Amino acid sequence: MSELTYLEDVVSLAYDRNRCIGCGMCVTVCPHQVFALQRGRADMVARNHCMECGACMRNCPAGAITVEAGEGCVRGVINELLGIEGPCC
Amino acid sequence: MTISPSASGQLRFLPVARPGAGEVTFRLPSPDQPFVRGTLTTPVGKVPQVRAGLNLRDRLGSWLARWNIGRMHFTVEPGLYALGRPDEHSPVLVSANYKMSFDVLRSALPGRDLWILVLDTKGINVWCAAGKGTFGTLELLDRIQASRLEEVVSHRRLIVPQLGAPGLAAHEIRRHSGFRVIYGPVMASDLPRFLDNGCRAEPGMRVKDFPLSERLVLVPVEVMQALRVGLPLILVLLAVSGLARNLAYGRAVEVHGLPMALAVLAGILAGTVMTPLLLPWIPGRFFSGKGVLTGLVCFAGIFGFLRHRWPEQGLMESMALLLVTLTIASWFAMAFTGATTYTSPGGVRREMLRAIPLQAAALIIGLGLWLTALFS
Ligand code: SF4
Ligand code: SF4
């Protein structure tokens, strides 16, 4: 079931390979195996599987990853569109 | 003091000395909680002791919480707990103060001796709290200090659930507390094997999949949330239907109101039960689209079966009912993106911007047709 994929090409994940120090943290924390270590550096191998949780960005000590992490629920998006703060879950 | 994570995800303004250091007061959780079995004497005082086994009360609470009852008050006091009889060498596991998170963790570890450090996540589970940042770097640093953890254990390792990683930065924890964060498996049930492996995850342990069993558990909450909106809507529609032309109130409710109530329920059934359960097998990527498909199936099933009850129902009214079912199914199917573990906020936003105008139009046309059929 790891094959469940949501929409293609909407993901805000960006990765700067030049900054990577190859610690492997992004590989560890990503629940969808978006990153893999190859020849001493991380590579984005399954970008469309990213759910924008932000774990890789938060745990990358080199600041090589950016992603617009947020709460992906309908109420959250409505709140965001209406410009109010509100919880998701 | 609150510090917002900067765009790069690092706590830019965090000086090496802890912000607000000294404000954090030492505190152990109260032993006076129903699931605490006793206390364990440690260098910092009496730590509440829990067992792995869950009792009837724990199970009942979980069951109610799954039905969205008492979920907000289903909490554990934050702080340090002992599972079994841990000593200074025992591992420290970090959890959230949602009681179900805590229960899932301890019940996965029968016969083990270890420490559980419960963070104050305001009664919210690890994954959601990590997304909000309450299961986060500052809270963990505070909780380490408030529990005087460095006096309880001689090692400097914390096992944090991998799904908590969006909330905290392992390197920041290390820098400010000296504790090294080891990310544990996604599922608590893998913890015994993970611990026996010397804290190494086997490949499957790092992947969050979304199997049927997990989707099934989410269904009751979805149903309850939908009914909170759905039942008042049904009552209003029933009340309105009674006013239909050419019929006595009670008869009109029977002829026009009941089918409409069924149409709403069919939509809720499709969106909150069928879509989650059949998720991988329903064609399409958009949840709102999946909802339309399951809505069609539910509608055809229910009204195909009961059609003979309303022989005089015209085409306009049938179309109205269909549109209402499809809209509601589509909406609640889309709402289920919030509960999945693979939809991205960017994707949900894109889907909503496309789907909501269509859903709104379908609902307005559907109700318009219905009112026209009833009152003209
Ligand atoms: S966490 Fe950052 S530095 Fe470490 S491997 Fe991934 S990208 Fe490279
Ligand atoms: S944001 Fe989450 S899902 Fe996306 S790559 Fe990073 S860790 Fe993986």
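The values are calculated or read from the model by the stated rules, or taken from the named source; none is laboratory data. As the structure is a prediction and not an experimental result, all values here were calculated from the model. Here Cβ is always computed from backbone atoms with ideal geometry, including for glycine, and neighbour counts include all displayed protein chains. Side chains are part of the model used for accessible areas, which takes the heavy atoms of the whole protein and leaves out ligands, DNA and RNA. Shrake-Rupley method; radii C 1.70, N 1.55, O 1.52, S 1.80 Å.
Just the residues that are open to solvent by 10 Å² or more (accessible area, probe 1.4 Å) and outside any helix (DSSP H, G or I), please, taken from the stretch B:322-341.
The one that is open to solvent by 10 Å² or more (accessible area, probe 1.4 Å) and outside any helix (DSSP H, G or I): B:Thr341.
Go through B:Ser189, B:Ser213 for me and flag whichever is away from chain A (no Cβ under 13 Å), closer than 26 Å to A:Glu52 by Cα, among the small types (Gly, Ala, Ser) and surrounded by fewer than 19 Cβ atoms within 10 Å (Cβ to Cβ).
Every option except B:Ser189 fails the conditions.
Which condition breaks for B:Glu312 when tested against (1) modelled with pLDDT under 95; (2) out of contact with any Asp or Glu (no Cβ under 9 Å at 6 or more places or on another chain); (3) more than 14 Å from chain A (Cβ to nearest Cβ); (4) in a helix (DSSP H, G or I)?
Among (1) modelled with pLDDT under 95; (2) out of contact with any Asp or Glu (no Cβ under 9 Å at 6 or more places or on another chain); (3) more than 14 Å from chain A (Cβ to nearest Cβ); (4) in a helix (DSSP H, G or I), B:Glu312 violates only (4).
Would you mind finding the one in B:Arg174, B:Arg156 that is open to solvent by 30 Å² or more (accessible area, probe 1.4 Å) and more than 13 Å from chain A (Cβ to nearest Cβ)?
When all the criteria are applied, what remains is B:Arg156.
Considering only residues that are without any contact (Cβ under 8 Å) to a residue 40 or more places away in the chain, in contact with a strand residue (DSSP E or B) (Cβ under 7 Å, 6 or more places away or on another chain) and of a type in the set (Gly, Ala, Ser), which ones fall in the stretch B:121-158?
Scanning the stretch B:121-158 gives a single hit, B:Ala129.
If I go through the stretch B:183-210 residue by residue, how many of them are in contact with a helix residue (DSSP H, G or I) (Cβ under 7 Å, 6 or more places away or on another chain) and assigned to a helix (DSSP H, G or I)?
Of the residues in that region, 5 qualify.
From the residues in the stretch B:331-348 that are of a type outside the set (S, T, N, Q) and more than 7 Å from chain A (Cβ to nearest Cβ), which one is nearest to ligand 1 (Cβ to nearest atom)?
Per the criteria, the residue is B:Ala339.
Taking the stretch A:29-48, which residues are more than 7 Å from ligand 2 (Cβ to nearest atom) and in contact (Cβ under 8 Å) with a residue 12 or more places away in the chain?
Of everything in the stretch A:29-48, those that are more than 7 Å from ligand 2 (Cβ to nearest atom) and in contact (Cβ under 8 Å) with a residue 12 or more places away in the chain turn out to be A:Gln33, A:Leu37, A:Gly40, A:Arg41, A:Ala42, A:Asp43, A:Met44, A:Val45, A:Ala46, A:Arg47, A:Asn48.
Among the residues of the stretch B:86-136, count how many are modelled with pLDDT of 95 or more and polar (S, T, N, Q).
The total comes to 2.
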